[in-house]
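What follows draws every value from the coordinates through simple rules; no lab data is involved. Computed from a predicted model, the values in this text were never measured in an experiment. Please note: Cβ atoms are built from the backbone with ideal geometry, for glycine as well, and neighbour counts cover all protein chains shown.
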Amino acid sequence: MKVFLELGWFFKQEKKAYISGVFLLLLVAMLQLVPPKVIGIIADHIHEGTITKAMLVEWVIVLIGVAIAMYVLRYYWRIMIFGSSVKLSKILRNRLYQHFTNMSPAFYQKSRVGDLMAHATNDLSAIQQTAGAGVLTLVDSLSTGGFVIIAMAFTISWKLTLICLIPMPFMAMLTSWFGSMLHKSFYKAQEAFSSLNDKTQESITGIKVIKTFGQEQEDIEDFRKQSEDVVQKNIVVAKIDSLYDPTISIIVGISFFLSIAFGAKFVLNGDLSIGELISFTTYLGLLIWPMLAFGWLFNIVERGRASYDRVAALLREKVEITDHEKALDTVPYGDIQYQIAEFTYPGDAQPLLKDISVSLHAGETLGIVGKTGSGKTTLLKLLIREFEGYQGEIRFGGQKLQDYKLEKLREAIGYVPQDHFLFSASVAENIAFTDPTATIEEIERAAKLANIHDDILQFTDGYQTIVGERGVSLSGGQKQRISIARALLMNPEVLVLDDSLSAVDAKTEEAILSSLRQNREGKTTIITSHRLSAIQHASLIIVLENGQVIERGTHEDLMELDGWYKEMYLHQQLEELVEHGGH
Amino acid sequence: MEEKLQLSEREQRKILFRLLSYTKTHKKMISIAFVLLLLTTIGDIVLPYLVKIFIDNYLTPGKLEFQPLLILGSIYMGIQIVKAVLMFFQFVKFQEIALYIIQQLRIDVFSKVQSLGLKYFDKTPAGSIVSRVTNDTEAIKDMFVTVIATFIQSGFLLTGIFIAMFILNIKLALFCVIIIPILLFVMNLYRKLSSRFYLDMRERLSQLNAKLAESLSGMAIIQVFRQEKRLRHEFGDINEQHYKAGMKNIKIDGLLLRPAIDLIYIFALIIVLSYFGITSFQHSVEIGVIYAFINYLDRFFEPVNQMMMRLSLYQQAIVAGSRVFRLLDEEELAPAQKDEKTIAIQQGKIEFKDLSFSYDGKRDVLKNISFTANPGETVALVGHTGSGKSSIINLMMRFYEFERGEILIDGESIRNFTKPELREKMGLVLQDPFLFYGTVKDNIRLHNESLTDEQVKEAAKFVQAHTFIDRLEDGFDHKVVERGATFSSGQRQLIAFARTIAANPKILVLDEATANIDTETEEAIQTALAKMRKGRTTIAIAHRLSTIQDADLILVLHQGEIVERGTHQELLALGGLYHKMFLLQNGAVERFEDVVNG
């Protein structure tokens, strides 16, 4: 029940809805007592032959009134209580989302998207259950149960009430015992199901092997066996599940039997009328639900608490990269200087960068090359402050990066990442990602610069074609060029291309690079690349190996050096030849 | 792309009937379940009637004799207990039937998937196929277990209650019949409205989740382009829409579910009470009948509530069913073989005659390929990525159907051999050898139970895989995790070799691994390859030219065409594409400059 305390802030915030909802629930619980009572009264009068037309009309009007009142009240408490619980999940979902947008890449490195999704879906729905159905069952089972017992004991017979309640605790005990058995067997059934899922997944990914060895029938046989296991485990669940209703029916049956047997005795003694006995048995029917609900309540609350703990822990995660108080509110421009003694990724033992000292004047182009894992991308990530915690400093326009507001720093940098991620939206929206108000002319200009305009016109809906995960599939090269257009649209001080031309052919690469040179006069560009042709014209090229600069200079300087760069350059030239059939 | 599903009433009915047709094979179990159901329903009906007898015959006249009352009481409790026991078995039976039906459906879908051609797998993501086989059938299971079972049980009970009412009092029972159209009306209205609103909410929820998943994977981009605020706003909008859809559902539920059914209940109660009240003006009424009627009314409405609550599951199951049936009706089957003749592959001579092929019908990936591999010879395919090497193997293995040109084995068209014959005589080793969850032994044997443990070990020894396998914990019984992730790619390759050798094929098709392999394993692989090729016609894709220097014929492919052909020495002498590839791989930097500039 602790979770109700933890959710206190929300109940307080929505206290109007909850107080009126609970009040309505209580009213309904009381009104529920009327029809059985009326039945008893009318039955008695019929029995004794004292019934009159006026009396009948009177009671029918009472029943109609009660019926309509209950209908209306029931509708409204649902709106209040269930409505609030839906609101709670909305609020928490927005909070989570906001929190997610504040977390730095270090956070995303250690958590899996699937887990984060689970928090925002399954956990929130469990919390919603607690705030809705949980509150309902708590209030309803207590009030209905309480009122019914009071009505039975005080208006009919307390002796009979006690007698017929004897079997009820057994029902609560048995159902909660079944509940824990069900939980265990259900878990096993889920396991069997998920291994069937794995089996299917494996067969489909390994379909070539299966076909090669002609093992289709055998594999189907294997699937049959596993699905049989699922059936068997589920039958166990079914058996436990099927215990509920018969058990309830027996226990309620005993209660009925007791109340009628003893009730009959009271009727003969004259302590009770027949009508009252009928009312009494009808009340007994009303008691079944609160008994069941109580067992159910613990279940809901248990799940809700676990889920709320997880969500709360997630929301407590600290935001790592923040602005300091006196951070400049201006967009930086000017020279860029790297002076890094050492940088190690959080959780890694070995430093990834060592003794990096590079300076770049505004308007120049820096080319960074080196093997995979040599630290090229990391240099860029430090510039956009995705990671921090290095020894040394990076200056931009004479100031340290940390002296600018994060938002302003990033306004100066147009970043084209290695893994070209596009959103499920139109091409135009993707290019205008930084500025949804951009005109179509601006969008087309960026697309032309990135050499993707003609491709886009070939798409079925041109600039309105939906791309991304749920849209048409594009080639790697097309995605890269759209990512470039996206960065170019903001006309940034610094353009950063992180191996972003790997999937385009040499001719397109050259076309993009030369249009960049023409159109970004006076602006800085940083390019990392596997293909040396992409950085051949850079003002400065550095070669990284194991996080250190091993060669630096212009293309000409490096070719004379006869080192890694030259060897790689020739290798790639030859590769290019082979790709083109040797000519 | 997951399309929106709005099925017409007719389509829904068709899907339901097709799902129900799966019950046919379980006639016996179903009859048992129905008999049990009939008995429990009778119990439900008889119990209040017994109380009525007690009230009218004993309590009202005030004559409480021990003997008959003991009998009545024992009968009451006896029926109660027997009913509960039967009820248990009946519930279990219905669920069992549902589970077996779903198992059959699952096996059908899975078998269908196995019969599909690779073309289907190219255009359909694996995740969505898996989801058809497991998740969608699970949704259908929920319908069978809860919806259909509840409907049948409730239907029986309702009919029984009406029969009892008619026996007790025909006139009043007739009055009560008017409840039925009202209930049907409410149910129908709810079904119509809720299916619309429910689908709307599901739609919003999937939008919400899609947005969230996309934002999480693209968070780096969002942050570096400073669009956090805008996206928060967009997410907030979708969240608000979802909230509104949720509220609409609560309202519909509140208007038409339990509160409405309870309202109708009280009106039914008014009918019953008024009827008895009015008739009692003329003549006396048996109190027990009132009791029984009211008790029946109580029992009547609970199943109705149950049925209404399950309607949304029905909707989901129909949608899932439509997806499952679409897969079952899929026509992209694997290429067919002419099974009437049973010719065997004797020599293993392979000929490609003027073969052209296209995956999409637009762009040819193979153009006029012709070559011959004589029995026992090795033909190597080399070329850049996308040159068409893998397509040649795909066609040879009959993964895809071709129309232009011909592939002959021992002079017969490849289509004329039976599938088992081809699979038995042709062994393929894939580039990324796929290992299944299980043990090393299982992975070498696959499902071929006729192979003894000895033969499995023999095969492993032949390809020199036994040295590393013996060093594993439990040796050949070592557990292989998903996709064999704990093995190096070289080790996986060796296991795949053993797998192929165990099957002892006449023709060997090799797709050499590109991945980096440690030198120790590399050597083992090379020796194994040489041994395997002996006495077998081999078609090999080689990424490393060093491995195919002794091939009888090397074909150099470029953009789907054979541009050079000959032996290693001949091709080197030619000084063309092959020569350049060779230089590149041997890292003879000093000679690069000459070639590049020359």
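What is the calculated FRET efficiency for A:E407 to A:Q573, with r their C-beta to C-beta distance and R₀ = 30 Å, to the nearest 0.05? Intermediate results must be reported in sequence, preceding the final value.
On the way: r = 43 Å, r/R0 = 1.44.
The formula returns an efficiency of 0.10 here.
How large, in Å, is the protein assembly as shown by the Kirkwood hydrodynamic radius built from its alpha-carbon pairs?
Computed over Cα pairs of the protein assembly as shown, the Kirkwood hydrodynamic radius comes out at 36.1 Å.
Which whole DSSP H helices in chain A pass both tests: a Cα extent of 18 Å or more along the axis and a mean Kyte-Doolittle value no lower than 1.0? Walk me through the numbers before you get to the answer.
Numbers: long enough: A:15-31 (24 Å, 1.76); A:34-48 (21 Å, 0.49); A:53-77 (36 Å, 1.48); A:83-102 (29 Å, -0.62); A:135-150 (22 Å, 1.78); A:168-205 (54 Å, -0.18); A:216-241 (37 Å, -0.93); A:244-269 (37 Å, 1.37); A:274-316 (63 Å, 0.74); A:476-489 (20 Å, -0.09); A:506-519 (20 Å, -0.64); A:564-579 (22 Å, -0.88).
Qualifying helices, which must be both long enough and hydrophobic enough, are A:15-31, A:53-77, A:135-150, A:244-269.
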Descending semi-axes in whole angstrom, ellipsoid equivalent of chain A, from the Cα gyration tensor
73, 29, 23
Partner lysines for A:K110 [C-alpha distance under 23 Å; skip if fewer than 8 residues away on the same chain]
A:K318, A:K376, A:K381, B:K211
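If you take each beta carbon of peptide B:423-435 and count the beta carbons of other chains within 10 angstrom, what is the mean? Spell out each step's value before the answer.
Values: counts 6, 2, 0, 3, 2, 5, 2, 4, 0, 1, 2, 8, 3.
Other-chain Cβ atoms within 10 Å of each residue's Cβ, averaged: 3.
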Placing each pseudo-label 7 Å from Cα in the direction of the beta carbon, B:L184 and B:T342 end up separated by a distance in nanometres of 6.0
Say a paramagnetic label sat at a point 7 Å from the Cα of A:F186, along Cα to Cβ; which residues of region A:287-314 have their backbone N under 13 Å from it?
A:296-304
Sticking with the crude label model, points 7 Å out along Cα→Cβ, report the distance from A:T330 to A:D505 in nm, one decimal please.
4.8
Under a straight-distance cross-link criterion of Cα-Cα below 13 Å, which aspartates and glutamates are reachable from B:K229, leaving out those fewer than 8 residues away in the same chain?
A:E407, A:D435, B:D237
What average number of partner chain Cβ atoms lie no more than 10 Å from the Cβ of the residues making up A:193-203?
6
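Report, as a whole number in µm² per second, the diffusion coefficient that Stokes-Einstein gives for region A:61-106 at 20 °C and 1.002 mPa s using the Kirkwood radius over alpha carbon pairs.
Working: Rh = 13.5 Å.
D, rounded to a whole number, is 159 µm²/s.
Which order do the peptides A:298-308, A:278-288 come out in when sorted by mean C-beta neighbours inside 10 angstrom, highest first?
On the way: A:298-308: 18.5, A:278-288: 22.5.
Most protected by this proxy first, the peptides run A:278-288, A:298-308.
Can you tell me how much longer the chain between B:K171 and B:R404 gets when fully stretched, taken as 0.36 nm per residue apart minus their C-alpha distance, in nm with one decimal? Don't skip to the end; give the middle numbers.
On the way: separation 233, 0.36 × 233 = 83.88 nm, distance 8.06 nm.
Taking B:K171 through B:R404 to full extension adds about 75.8 nm, to one decimal.
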Distance between modelled label sites at A:A118 and B:S74, nm, 7 Å Cα→Cβ extension
5.8
For A:E58 and B:M309, FRET efficiency with R0 = 30 Å and r from the beta-carbon atoms, rounded to 0.05?
0.25
Per-residue mean of C-beta atoms belonging to partner chains within 10 Å, peptide B:169-182:
0
How big is the antiparallel share of DSSP beta bridges in chain A, given as a percent to the nearest 5?
50
MRE, 222 nm, helices only [DSSP H, n ≥ 4, -39500 (n - 2.57), over chain B, to nearest 500]
-20500 deg cm²/dmol
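Stretched out fully, how many nm does the piece from A:F4 to A:L27 gain, at 0.36 nm a residue minus the Cα gap?
Fully extending the segment from A:F4 to A:L27 adds 6.0 nm.
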Alpha carbon convex hull of chain B, volume per residue in cubic angstrom
252
Can you compute the helix-only [θ] at 222 nm over chain A? Use -39500 (n - 2.57) per DSSP H run of at least 4 residues, normalise by all residues, nearest 500 deg cm²/dmol.
-19500 deg cm²/dmol
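Given the C-alpha atoms of region B:402-466, compute the convex hull and give its volume per residue in Å³. Let's see the in-between values first.
Details: hull volume 9.6 nm³, N = 65.
Convex hull volume per residue, Cα atoms: 148 Å³.
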Run through all the Cα pairs of region A:416-491 and give the fraction in each 10 Å bin from 0, expressed as whole percent.
22, 63, 15
For region A:158-271, the fraction of alpha-carbon pairs in successive 5 Å shells from zero, as %:
2, 10, 13, 12, 9, 8, 8, 7, 6, 6, 5, 4, 3, 3, 2, 1, 1, 0
Calculate the FRET efficiency for B:T60 and A:K265 from the Cβ-Cβ distance with a Förster distance of 25 Å, rounded to the nearest 0.05.
0.95
Calculate, in nm to one decimal, what A:T372 and A:Q418 gain on full extension: separation in residues at 0.36 nm each, minus their alpha carbon distance.
15.3 nm
What lysines does A:K15 reach when the alpha-carbon gap must be under 19 Å and sequence neighbours fewer than 8 apart in one chain are set aside?
A:K2, A:K87, A:K90
What are the membrane-span-like helices in chain B by this rule: whole DSSP H runs, Cα extent along the axis at least 18 Å, mean Kyte-Doolittle hydropathy at least -0.5?
B:27-53, B:66-115, B:149-168, B:179-217, B:258-282, B:287-328, B:489-503
